[in-house]
1. So which residues in segment 13-71 are within 20 Å of V91 (Cβ to Cβ) and among the small types (G, A, S), if there are any at all?
2. Can you pull out the residues in segment 135-173 that are within 22 Å of the chain's Cα centre (by Cα), under 21 Å from D24 (Cα atoms) and surrounded by fewer than 20 Cβ atoms within 10 Å (Cβ to Cβ)?
3. Would you say R86 is within 24 Å of P16 (Cβ to Cβ), open to solvent by 70 Å² or more (accessible area, probe 1.4 Å), touching an Asp or Glu at 6+ places or on another chain (Cβ under 9 Å) and not small (G, A, S)?
Amino acid sequence: MDDEQEGDPDARDTAPPPFRAAVDALRTARLRAEIEIEPTRPPQRLAPFAYALEAAVVQEDEDLADGRLVLLHDPAGHEAWQGSFRLVTLVRAELEPEMASDPLLPEVCWSWLTGALQARGLSYGEPSGTVTRASSHYFGGLAARPAASQIEIRASWTPREGAGGAPDTAGHLASWCDLLAQVAGLPPASPGDPSVVTLPQRRGPQPR
């Protein structure tokens, strides 16, 4: 399992075909140009097989949001997942303090996740997660810095398996990238979609 998680090609050959197909779909998915994505080391004890990606929304060499997406697979199935695959994510972005104080913000951010999945017609179940907002205020030698606020979405869901036992991981990755772009304040990839609501641009993007 450890070799598989470190990306060893021979270990990947020993993984179940549905997991290999799911990972191949992640690797070949086409994403919008503002999103930079690359494989990263996955967690080692959550499931027998795992694959992870890190991504950032980048415009003019500045990060607007970042995140991590992990694909888990247990061929024996998992009672809590109600399936043999699970997707786990973390998404973060900086916000204007007044935006972060909106009492409806957590509900809105969660609806962005579920809405991104539904907009692409993806079948999933057992969603769960948290939306956290945090504020930083600076004092003393750092008093010149403006207050900063961050939104963080942690979530997981079970992608329903399709032909061959593998879920549509490319579609789920595209939906996750839609969420990243939305949290970053980018317009939707298809202009004119009234179902998509994006965050206003923040005071300034964070240096990479």
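The values are calculated or read from the model by the stated rules, or taken from the named source; none is laboratory data. Nothing here was measured: the structure is a model prediction, and the numbers come from that model. For neighbour counting, all protein chains shown are included, and Cβ atoms are generated from backbone atoms with ideal geometry for every residue, glycine included. Surface areas here come from the heavy atoms of the whole protein model, side chains and all, with no ligands, DNA or RNA. Shrake-Rupley method; radii C 1.70, N 1.55, O 1.52, S 1.80 Å.
1. The answer is A29, A33, A50, A52, A55, A56, A65, G67.
2. S156, R160, E161, G162, A170, G171
3. no
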